[in-house]
Amino acid sequence: MWADGQYPTQNFEVIAMKSVRAILPADAVVTVPTIHYFDDVAHVVIMDDCGVGAVTLKQLMLENPPPVSVAKALGAGLGEFLGRLHVWGRDPQTSNHASFDQNQQGRTISGYIIYGRLVSTLTDKDNIPALSDPPLDIAQSKLDTISALSSEKIHAINTSHQTLTMGDFWPGNIMVSLNPAGDSLERAYVLDWEVSKPGVAGLDIGQFCAEILLLRRFSPACDTSVTTVLDAFLKTYRDAAAVDVDVAKDAMVHVGAHLVAWTRALGEQRAYEGGRGGRCGVSGGRLRSDAGMASGISRRMFSLTWAVHIPSGICTILDDHPLHAIVIFMV
């Protein structure tokens, strides 16, 4: 424990990885590395290697997009993995919410990195060159609504016990191992559990969807592979976790919020290849409400809830959502 009474986040990572490994079948296609030793004083973890030739899902998509058969297997495996985690994580006793509740640093990071920067990004208070010329010029009434919603989301991140969340579920934390020919998936490993905590299921879903959509946006060569992974991921997650409308709405909102608050840095960091700069999250600097732009994300987010029969008015409800204009930035 640190002097301020907080546990190092590495402690939570080790607990999470051991716990999740225990609930997965030995032959699970998507899993976590086995931890063999943890020194909580020196902060040293010894775990299985992901294998020679393993690369992150992000790197795979950018450098060598997999064939459709591999992409489908990977998306299905990831959907099953996250669905299994979230179903198991709904029971606070079984998934040890009490221990993970101490990860206040993880909650703070998760709340700030997206919703804590949303309004400052849209108002250019952070002095982001790509968003300053021309300025976004968003109506104050919309900013007030988004600000209130951001506060609501941060509160949910800090207090929710909906399930146990991975907390940083994105392609850079997923190691993929293919056979030597590259036409068959051998195994994938989910890494970096330091912000695992009780929380909102839709944030794990939304982060993955937003990040993999960014890969497609910045590197069009992986379009087919990304689309296949995303479709298989959402379908399999839906089947594994019996998703309701609220989870789908949380996921859809988080896609939009993530694209705005995180994509802002890509122009400077060049974190993704393809050279489209840092404005893709704001669609040329103007909020847009074209329904056609929304259809790509909407179809995938809504597909999460077909199994529970979306009410006839849900599309209208989401069209009127405070973050609707943000959600449709990226298709």
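The values are calculated or read from the model by the stated rules, or taken from the named source; none is laboratory data. Keep in mind it's a predicted model, so treat the numbers as computed, not measured. All Cβ positions, even for glycine, are placed from backbone atoms using ideal geometry, and neighbour counts span all protein chains on display.
Quick check on this structure: which one of ASP48, ASP39, ASP27 is touching a Ser or Thr at 6+ places or on another chain (Cβ under 7 Å) and of a type in the set (D, E, K, R)?
Result: ASP48 is the single residue among ASP48, ASP39, ASP27 that is touching a Ser or Thr at 6+ places or on another chain (Cβ under 7 Å) and of a type in the set (D, E, K, R).
Looking only at region 196-220, filter to residues that are in contact with a Gly (Cβ under 6 Å, 6 or more places away or on another chain) and of a type outside the set (Ser, Thr, Tyr); which one of those is surrounded by the fewest Cβ atoms within 10 Å (Cβ to Cβ)?
So the residue we want is PHE218.
So the check is Cβ under 6 Å with 6+ separation or different chains; which pairs have a first residue in region 152-178 that's surrounded by 19 or more Cβ atoms within 10 Å (Cβ to Cβ) and a second one that's of a type in the set (Lys, Arg) and in a helix (DSSP H, G or I)?
ILE157/ARG107; PRO171/LYS58
Filter region 187-234 down to the residues that are among the acidic types (Asp, Glu), part of a helix (DSSP H, G or I) and touching a residue at least 24 places away in the same chain (Cβ under 8 Å), then identify the one that is nearest to GLY83 (Cα to Cα).
Top of the filtered list is ASP204.
Does MET61 satisfy the condition of being aliphatic (A, V, I, L, M) and touching a Leu at 6+ places or on another chain (Cβ under 7 Å)?
yes
Quick check on region 82-108: of everything there that is touching a residue at least 24 places away in the same chain (Cβ under 8 Å) and in contact with a Phe, Trp or Tyr (Cβ under 7 Å, 6 or more places away or on another chain), which residue is surrounded by the most Cβ atoms within 10 Å (Cβ to Cβ)?
Only one residue fits best here, namely ASN103.
Inside region 28-45, can you point out the residues that are among the hydrophobic types (A, V, I, L, M, F, W, C), part of a strand (DSSP E or B) and loosely packed, with under 11 Cβ neighbours inside 10 Å?
VAL44
If I go through region 123-151 residue by residue, how many of them are in a helix (DSSP H, G or I) and among the hydrophobic types (A, V, I, L, M, F, W, C)?
Count: 6.
Have a look at ASP223, ASP231 and point out the one that is crowded, with 16+ Cβ neighbours inside 10 Å, at pLDDT 85 or above and among the acidic types (Asp, Glu).
Among ASP223, ASP231, only ASP231 is crowded, with 16+ Cβ neighbours inside 10 Å, at pLDDT 85 or above and among the acidic types (Asp, Glu).
Which residues, taken from region 46-76, are crowded, with 22+ Cβ neighbours inside 10 Å and touching a Lys or Arg at 6+ places or on another chain (Cβ under 9 Å)?
Selection gives MET61, GLY75, ALA76.
Is there any pair with a first residue in region 245-263 that is closer than 19 Å to SER147 by Cβ and a second that is of a type in the set (Ser, Thr, Tyr) and in a helix (DSSP H, G or I) whose Cβ atoms are under 6 Å apart and which are 6 or more apart or on different chains, and what are they?
So the pair list comes out as VAL260/THR121; ALA261/THR121.
So if I check each of SER147, SER141, SER132, which one is free of Cβ contacts under 8 Å to residues at least 40 places away in the same chain, over 29 Å from VAL20 (Cα atoms) and in contact with an Asp or Glu (Cβ under 6 Å, 6 or more places away or on another chain)?
Step by step, each of SER147, SER141, SER132 is checked, and only SER132 is free of Cβ contacts under 8 Å to residues at least 40 places away in the same chain, over 29 Å from VAL20 (Cα atoms) and in contact with an Asp or Glu (Cβ under 6 Å, 6 or more places away or on another chain).
Hey, can you tell me all the residues within region 196-220 that are more than 10 Å from the chain's Cα centre (by Cα), at pLDDT below 95 and hydrophobic (A, V, I, L, M, F, W, C)?
Residues satisfying the conditions are LEU213, LEU214, LEU215, PHE218.
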